[in-house]
Structures are given as structure tokens and as C-alpha cells.
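Comments concern the structure below.
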Amino acid sequence: MKYITKFTINTVFLLLCAISFAQNDSLPETNNIADSLKIKQKYGIRLGGDIGKLIRSFIDDDYTGFEINGDYRLTRRWYIAGEIGAEEKKTNNDHLTNTAKGTYFKAGVDYNAYDNWYGMENMIYGGFRVGASSFSQTLESFSVYAPNQYWAPQLSSNESQEFSGLTAIWGEVILGIKVEVLNNLYLGANAQFKYTISQDQPNGYENLYIPGYHKTYDSGNFGFGYGYNISYLIPLFKKNKN
């Protein structure tokens, strides 16, 4: 009986040790599972263009323009971004015909507020830009309104006047989306809310359109713009996301 009791105690002790070792051995396996759940996120340069400006150039006789845009991913949510382009816009109404023509660039940052599911690289973002434009205004014709048309005929002129070397600087808040429709190929849309910091004005009248800024509104400092983009991501490396 004494030997049986001793054998039983030894057997229980060995079983407890085996269970303990088994639990310790299982810990690395848990870590391996955690490592396998890490998601590889793409980091690289995304380049594209504004397809809205190209389409408008074909269907609107008073407009010609293009824009190249790009961004580079710094962290999981932050990107540096910028745009460069050129525009020519003719304004034609009852009182004048004017053409604005020039180039522009914008630079700033974007923040992606969207939490992607596994395998997704989409963006719902907000950002900020500082923009600058170098342009000219050509006043092709104008007329001065006279309240009494019977006694004082309207003053009009068809003599073209060009005002070159004009510049403008502004800041803008941008809100937009970018959706990956194919591997590394994105479609996007955005809205831009602008505030003029400084601008050169032609002699005798105001800027009606500033390339990159778009239309101005009654001497106000606020403006609005939009864009429809197609872009391609060039992956440079990947980082883990738990």
C-alpha cells in the first residue's frame, strides 16, 4: 500500500510538470499567431492628374487647363502632397471680355481619417495647401455702363490690353476621397475652400479668374474649387500594421 501511494504521488507530480511545460511551450506559438496577423501597408509615391480639367478643356471653348498631382506617405495616416498645373480661362459677359492665363503650384499635407479593412488602401482625407500663381490678364474689350442711355451713350473699347507679371498667394483647406479601383490605381474627388493672402490686380479692374485659385467673388478673399483625379501608386516599401 505504501508503494502504491508513493507511485500515485509521483505520477501526479509528473503530470503537473508535463502540463506546465506544455503551457510554456505554447507561448511562442501564440506569439507566432500574433506576428502572422500583422498587415503590410504600402508606402510610396502616388502620381496622377486632374481628369476634370482635361474633360472641361474638350467641352468648354472658353477654358484650357491641366494639373499633375502627387503625394508621398510619411506615416500610417500622414502624407505630403502637392499639385502643379496651368490654366487659361476666358470670361465673356455683357460688359467685358477678359482672358486669364498662367501657371500655379500648391504644396501641403493630407491626413487620412479612414480605417481601412484588411487589404484596403483607400482614403477619406482632409488637408491643407499653400498655393501660388504667376499669370497675366488680357482685357480684350469692355463697356462702361451709363445709367441714362438716351443722353449719355455707353463708353466701349475693343482695344486689347495685357497685364502680365501678376502673382497671387492663397491658403486652402481640402476635403476628398481616393478609392483603389484596381491594384495601385486610384480614382478620387475633392473640394477646396480657399482664402486669398495676397494678389496683384490689373490697373482699372479686378482679377476675375486666377489660375489654380479659380473664380474670384466680388473683391472677397474667399474662393472655392474642386477636382476629379486619377492616380497610380508606385510602392517603394512596406511597413507592418498590427
Item checked: trypsin sites (Lys or Arg not before Pro) within the stretch 191-242, DSSP loop, no more than 11 other Cβ atoms inside 10 Å -> none
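Using the Cβ atoms and a cut-off under 11 Å, what net charge is assigned to the surroundings of Y79, where Lys and Arg are +1 and Asp and Glu are -1? Could the numbers behind the result be given before it?
Working: positive: R46, R73, R76, R77, K178; negative: D71, D110.
Here the count lands on +3.
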Check: Given the stretch 151-239 reduced to its alpha-carbon atoms as identical point scatterers, what log10 I(q)/I(0) does the Debye formula return at q = 0.14, 0.20 Å⁻¹?
Finding: -0.72, -0.98
Margin query: Order 92-101, 56-65 from most to least packed using the mean count of other Cβ atoms within 10 Å.
Written below: 92-101, 56-65
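So what's the net charge close to Y213: Lys and Arg +1, Asp and Glu -1, counting the other residues with Cβ under 9 Å from its Cβ?
Working: positive: K194, K215; negative: E172.
Spelling it out: positives minus negatives among the neighbours equals +1.
At a Förster radius of 35 Å, what calculated FRET efficiency corresponds to the Cβ-Cβ distance of W78 and K215, to the nearest 0.05?
Working: r = 31 Å, r/R0 = 0.89.
For W78 and K215, the calculated efficiency is 0.65.
Counting only C-alpha contacts under 8 Å and six or more residues apart, can you give the relative contact order of the stretch 39-148 as a whole percent?
Working: 218 pairs, mean separation 23.2, N = 110.
RCO, the stretch 39-148: 21 percent.
We did not get these values from a lab; they are worked out from the coordinates using the rules stated. Small disclaimer: the values here were computed from a predicted structure and weren't measured. Glycine gets a Cβ as well: all are built from the backbone with ideal geometry, and neighbour counts include every protein chain shown.
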